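Right, one structure below, let's go through it.
Where a number appears in this text, it was derived from the coordinates with a stated rule and is not lab data. Here the structure is a predicted model, which is why all the values come from computation and not from measurement. With ideal geometry, Cβ positions are generated from the backbone for all residues, glycine too; neighbour counts draw on all protein chains shown.
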């Protein structure tokens, strides 16, 4: 029975791994883009409302503080999380380094909402036997 399922697992695992790789690359690109957009006004000198320090001083309630915190998160950790997701996506496409992919997904959990969704999907997928098989078969090749 294992011999019968083995080709099916390999094919489905390969396709899922490639899809997850492209998901990671797309999410990483979006994260880096959002970080760039959040940092652009600060770098251009017209920090205005997008400066988290100014946003906290203007904040009149908890929603404003959450927005300021999110902008600050994008300015500080968005580059790291986005870069790690890009590397993780590349690793998925090549079928290499599943531990690095897992680590990048753990870091992306704090990048709400898009990074969190991609990270949860990736962490669940890393536990599936066909994904593990796809990583093993590509690393062996």
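The ranking of 25, 131, 63, 18 by Cβ neighbour count inside 10 Å, starting from the fewest, reads 63, 18, 25, 131. Counting neighbouring beta carbons within 10 Å and listing from fewest to most, the residues 58, 70 come out as 58, 70. Computed from the C-beta positions of residue 67 and residue 136 and an R0 of 30 Å, the FRET efficiency is 0.10 to the nearest 0.05. Compared with the direct C-alpha span, the chain from residue 99 to residue 29 gains 23.1 nm at full extension, assuming 0.36 nm per residue.
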